[in-house]
1. What are the ³J(HN,Hα) values, in whole Hz, obtained from phi via the Karplus relation 6.51 cos²θ - 1.76 cosθ + 1.60 with θ = phi - 60°, for each residue of region A:188-203 in sequence order, with x given for Gly and Pro?
2. Using only C-alpha positions, report the orientation-averaged shadow area of the convex hull of the protein assembly as shown, nm², one decimal.
3. If each residue's Cβ is checked for other Cβ atoms within 10 Å, how do B:Val219, B:Val106 rank with the fewest at the top?
4. Among A:Met169, A:Met135, A:Met121, which one moves the most in a GNM of chain A with springs linking Cα atoms closer than 10 Å?
5. Out of residues 5 or more away from A:Met211 or on other chains, whose amide H comes under 5 Å of its own, with H placed 1.01 Å from N in the peptide plane?
6. Can you list residues from other chains, or at least 5 along the same chain, whose modelled amide H is less than 5 Å from the amide H of A:Ile111?
7. Taking only Cα atoms and a 10 Å spring cutoff, compute GNM fluctuations for chain B and point out the largest among B:Gly107, B:Gly152, B:Gly138.
8. Given +1 on the Cβ of Lys and Arg, -1 on the Cβ of Asp and Glu, and no further charges, what dipole in debye does region B:162-272 carry about its Cα centre, rounded to the nearest 20?
Amino acid sequence: MFEILLNHYPVLLKGLTTTLVVSLSAIALGLVLGVLLAFGLTSQYHLVRWPCGLYRSFWRGTPILLQLLLVYYLLPEIGIEIAPISAAILALTLNTAAFQAEIFRSGISHIPAGQIEAARMAGISAWQTRRRIIMPQVFRLTLPPLTNEIITILKNSSLISVIAVTELMRVSEQIASRTFQPLETYLAAALLYLAVNLVLARISAYLERRMTGGLATE
Amino acid sequence: MPMADTLSPPPTAKQKAIVEAHGISKQFGDLEVLTNIDFSLAPSEVVCVIGPSGSGKSTLLRCLAFLEPYDHGSVYINGKLLGYEDRSGKRVRTSEKRVDEVRAPVGMVFQHFHLWPHRTALENVTEALRLVNGLSRGDAEAEGMAMLEQVGLAERAGHFPESLSGGQKQRVAIARALAMRPRVMFFDEPTSALDPELVGEVLDVMKKLAADGMTMVIVTHEMGFAAKVADRVIFMDQGSVVESSPPATLFRHPKSERLQQFLNTWRERHID
Ligand SMILES: Nc1ncnc2c1ncn2[C@@H]1O[C@H](COP(=O)(O)OP(=O)(O)OP(=O)(O)O)[C@@H](O)[C@H]1O
Ligand SMILES: [Mg+2]
């Protein structure tokens with residue numbers, strides 16, 4: 001296994017880099033979309049809530065592999081030609097946005113309504129109340145489930161090999177078929193996924209420890 | 001949702017009321033919580049609202065601040081209709097922005113403080129100064145410190161709410177409201193969530209405010225405070241104003257049986 005790592009580390013590293021670029025882009029873009037969706041899900045207007053709920057149901061309720069293939073084959077159909085890697089980022093973004101939206105929605109619902117009323121009575125606009133009063137607390141509250149979601153996306157990014165993106169999984173498959181050492185190769189790949197996720201978990205734990213001051217106790 | 005109610009005439013100018021309500025009603029589903037309430041508050045007047053639990057005191061205060069939209073009637077703040085506008089003869093809700101504009105002179109203090117836990121005491125006070133009034137950090141902090149000083153908490157400026165006592169939290173909440181220079185302050189049972197030994201410090205701040213001429217509406221169970229500080233006491237029961245008089249009259253010569261009963265119950269509970 002270490003032999004595989006040593007002999008093939010340039011390709012493995014390239015695969016890992018692609019995995020990281022795709023996953024982290026999707027997570028960052030999904031965060032923005034997820035926050036907006038969460039605002040939609042907690043809107044006072046039925047007409048805003050409803051489509052957001054529909055979106056969430058679809059992307060949480062269908063297999064991610066299917067979503068990848070749909071995005072990959074649908075875009076050319078409607079005249080949009082994009083590289084497989086972009087399609088992969090797009091699909092993972094749309095998927096994680098739904099999960100992150102649900103995480104944030106739950107976080108938002110835990111902020112006592114009185115805090116929001118206090119902000120409104122101080123003249124702070126609804127939008128600034130979200131930005132300055134609600135979301136800073138929601139990010140702290142939801143850090144653990146958010147970390148879970150990030151790790152899930154990193155692992156699920158292995159599926160994008162089916163649309164010919166040469167990320168870590170696909171690179172491993174190639175090495176395995178070339179070296180006839182599938183077990184060693186896949187163990188090496190597992191090790192790399194694990195290493196990245198352990199680092200992420202540590203960062204999250206560190207942030208959580210640092211952010212304990214001043215959280216909702218009401 | 002509200003109705004094509006005709007607009008009540010704007011308040012008369014003879015005595016400029018800061019808050020004026022005409023015939024407001026409020027229903028939660030089938031439950032009628034406020035029935036045809038008239039209310040007027042003159043500058044520097046201190047009004048205490050008393051009444052049994054569930055009589056609609058909080059709802060009245062929340063409707064006067066449009067935290068709950070009232071169904072019928074009208075509320076004027078400084079002569080401006082709050083929450084609704086007349087559009088070609090029909091009454092429609094105004095934008096949130098317009099609501100903010102009209103109720104800008106109103107500050108509110110809640111039973112459970114509702115401080116923002118991720119902000120220090122000082123930041124709780126400066127937040128709106130910066131976001132709404134656009135003050136620089138330095139100016140906002142100077143102003144915020146002056147407000148904390150006023151409630152006797154300057155030395156707690158850097159503390160997060162979780163490390164403050166209930167009485168201190170409520171005083172920060174008062175400072176937060178005062179920072180926006182309100183012309184009238186609404187208090188909804190500001191001391192009901194406090195341990196008995198912490199009630200005094202909050203009431204003292206409110207007494208000082210009253211003495212400085214602040215216009216206030218205070219929902220309270222503190223009869224002693226109401227008797228001493230209020231210019232007028234309103235007794236509510238089942239969504240209606242039953243009596244409204246200066247405290248001396250209201251407490252000593254209750255006219256209605258319901259108020260007599262309410263005061264008797266209160267005395268029995270507070271004699272021992
Ligand atoms: N958001 C709401 N939805 C449904 N019913 C409500 C709501 N808010 C208040 N009520 C009901 O309206 C009635 C009046 O409530 P309100 O809180 O105004 O009474 P209160 O006089 O402030 O009582 P307390 O002294 O207990 O605070 C109660 O029966 C209450 O259950
Ligand atoms: Mg109440």
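1. So the J values, rounded to whole Hz, are 4, 4, 4, 4, 5, 4, 4, 4, 4, 5, 5, 4, 4, 4, 5, 4.
2. Numbers: hull surface 124.2 nm².
In nm², the orientation-averaged hull projection of the protein assembly as shown is 31.0.
3. Going from sparsest to densest Cβ surroundings: B:Val219, B:Val106.
4. Largest GNM mean-square fluctuation: A:Met121.
5. When sequence neighbours closer than 5 places are left aside, there are no close amide H contacts.
6. none
7. Highest fluctuation of the listed residues: B:Gly138.
8. Details: 14 positive and 15 negative charges, 93 e Å.
The calculated dipole for region B:162-272 is roughly 440 debye.
Each value in this text was obtained by applying a stated rule to the coordinates, not by laboratory testing. Worth saying up front: this structure is predicted, and the values here are computed from it rather than measured. All Cβ positions, even for glycine, are placed from backbone atoms using ideal geometry, and neighbour counts span all protein chains on display.
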